[in-house]
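Heads up: the structure comes next, in structure tokens.
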Amino acid sequence: MLPNDDVICKTLTELFSSKLNLDVPSYDTELLESGLLDSMMLVELFILIEKEFGVTISIETLEIDQFGSLASIARVIQKSNS
């Protein structure tokens, strides 16, 4: 069972900082529209999520806006576990 969204967001913040060298100001910061996250980082993020949370992100059902913020990524992680 995965932790709640807040714990997931905190873990994502740490991953972004330590693995992607990105400081995300808030859980609702637009990652893609602001240019903080690019397509190469997005692929790396999928791998980090799989390793950290033990979930697989289905590329077939993925919608890019689901990765628009830490909060929306947390929801994707929770959904992937159910």
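The residues of region 3-47 that are within 11 Å of Ile73 (Cβ to Cβ) and either polar (S, T, N, Q) or part of a helix (DSSP H, G or I) (or both), listed by number, are Asp5, Ile8, Cys9, Thr11, Leu12, Thr13, Leu15, Phe16, Leu42, Leu45, Phe46. Glu50 meets each of the listed conditions (1) surrounded by 15 or more Cβ atoms within 10 Å (Cβ to Cβ); (2) part of a helix (DSSP H, G or I) apart from (1).
For region 54-62, the count of residues that are in a loop (DSSP other than H, G, I, E, B), surrounded by fewer than 16 Cβ atoms within 10 Å (Cβ to Cβ) and among the hydrophobic types (A, V, I, L, M, F, W, C) is nonzero. Output yes when any residue across region 60-67 is at pLDDT 90 or above, closer than 23 Å to Asn4 by Cβ, out of contact with any Pro (no Cβ under 6 Å at 6 or more places or on another chain) and of a type in the set (A, V, I, L, M, F, W, C), and no when none is. Yes, some residue in region 60-67 is at pLDDT 90 or above, closer than 23 Å to Asn4 by Cβ, out of contact with any Pro (no Cβ under 6 Å at 6 or more places or on another chain) and of a type in the set (A, V, I, L, M, F, W, C). Taking the listed residues Leu45, Leu20, Leu36, the one that is out of contact with any helix residue (DSSP H, G or I) (no Cβ under 8 Å at 6 or more places or on another chain) and either surrounded by 12 or more Cβ atoms within 10 Å (Cβ to Cβ) or on the phi > 0 side of the Ramachandran plot (or both) is Leu36, with no other qualifying.
The values are calculated or read from the model by the stated rules, or taken from the named source; none is laboratory data. A quick note: this is a predicted structure, and the numbers were derived from the prediction, not measured. Cβ atoms come from the backbone with ideal geometry, glycine included; neighbour counts cover every protein chain shown.
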